[in-house]
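Student: Next up is a structure, given as structure tokens.
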């Protein structure tokens, strides 16, 4: 009897976890479709659950958005890594950095827009996005340390902005440029900021 009871408990736990993951999957799928602020009913419907049952897994929609953001960060975090020797040629470093970032931005663009919208009302999500921005800014300082030592004081800030998701999103979705065109513009701009060391 004890074994049967344990199996039932384990089964409920697995179903709960499966349903929780299905809700996160549903929210991320709606983001991809451009619905950045879906209702609880829309998310529940996509997950195959009732709106009431959705809140068995998440306290509120902000809690769900945080869970989705955490999932994205866990999946994509390692993809931000750029393994480069700071002594490598500047042009090679620019190329490698932009290849990594633009590939990732293409992958998470819809979720990134949604997270930014949600962060306006969610302090924990804002803090998580801030940590990610600090990491990306520090990454630029590390990769281009030799060049930045000789460049204008504002170069790091400007390069940080140029290599951000927001700049890339503007080039792709406001100006309508292709990924290759956006990379060409960003490459030229970063090279210009780093000066004659390139």
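The values are calculated or read from the model by the stated rules, or taken from the named source; none is laboratory data. Here the structure is a predicted model, which means the values were calculated and not measured. Note: ideal-geometry Cβ built from the backbone for every residue, glycine included; neighbour counts use all protein chains shown.
Student: Take residue 57 and decide whether it is part of a loop (DSSP other than H, G, I, E, B) and under 22 Å from residue 168 (Cα atoms).
Tutor: no
Student: Sort out which residues of the stretch 149-188 are at negative phi and either part of a loop (DSSP other than H, G, I, E, B) or in contact with a strand residue (DSSP E or B) (Cβ under 9 Å, 6 or more places away or on another chain) (or both), and write them in order of number.
Tutor: Taking the stretch 149-188 first, the residues at negative phi are 149-175, 177-188.
151, 152, 153, 154, 163, 164, 175, 177, 178 - these are the residues of the stretch 149-188 that are at negative phi and either part of a loop (DSSP other than H, G, I, E, B) or in contact with a strand residue (DSSP E or B) (Cβ under 9 Å, 6 or more places away or on another chain) (or both).
Student: Restricted to the stretch 140-155, and to residues that are under 22 Å from the mean Cα position of the chain (by Cα) and surrounded by fewer than 19 Cβ atoms within 10 Å (Cβ to Cβ), which residue is nearest to residue 84 (Cα to Cα)?
Tutor: Filtering first and then ranking leaves 142.
Student: Failed condition for residue 79, given (1) modelled with pLDDT of 85 or more; (2) in a helix (DSSP H, G or I); (3) assigned by TED's automatic domain parsing to the domain that holds residue 178; (4) within 27 Å of residue 125 (Cβ to Cβ), with all others met?
Tutor: Status for residue 79: all satisfied but (1).
Student: Take the conditions more than 17 Å from residue 105 (Cβ to Cβ), part of a helix (DSSP H, G or I) and in contact (Cβ under 8 Å) with a residue 60 or more places away in the chain and apply them to residue 194. Does it pass?
Tutor: So residue 194 passes the test.
Student: Tell me, yes or no, whether the stretch 61-69 has at least one residue that is in a helix (DSSP H, G or I), under 17 Å from residue 113 (Cα atoms) and over 18 Å from the mean Cα position of the chain (by Cα).
Tutor: For the stretch 61-69, residues in a helix (DSSP H, G or I), under 17 Å from residue 113 (Cα atoms) and over 18 Å from the mean Cα position of the chain (by Cα): present.
Student: Hey, among 158, 127, which residue is outside the structural domain of residue 36 (by TED's automatic domain parsing) and exposed (fewer than 13 other Cβ atoms within 10 Å of the Cβ)?
Tutor: Result: 127 is the single residue among 158, 127 that is outside the structural domain of residue 36 (by TED's automatic domain parsing) and exposed (fewer than 13 other Cβ atoms within 10 Å of the Cβ).
Student: For the stretch 26-54, what are the residues that are surrounded by fewer than 15 Cβ atoms within 10 Å (Cβ to Cβ) and either in contact with a strand residue (DSSP E or B) (Cβ under 7 Å, 6 or more places away or on another chain) or under 20 Å from residue 109 (Cβ atoms) (or both)?
Tutor: If the condition is that a residue be surrounded by fewer than 15 Cβ atoms within 10 Å (Cβ to Cβ) and either in contact with a strand residue (DSSP E or B) (Cβ under 7 Å, 6 or more places away or on another chain) or under 20 Å from residue 109 (Cβ atoms) (or both), then 32, 33, 34, 37 are the ones that fit.
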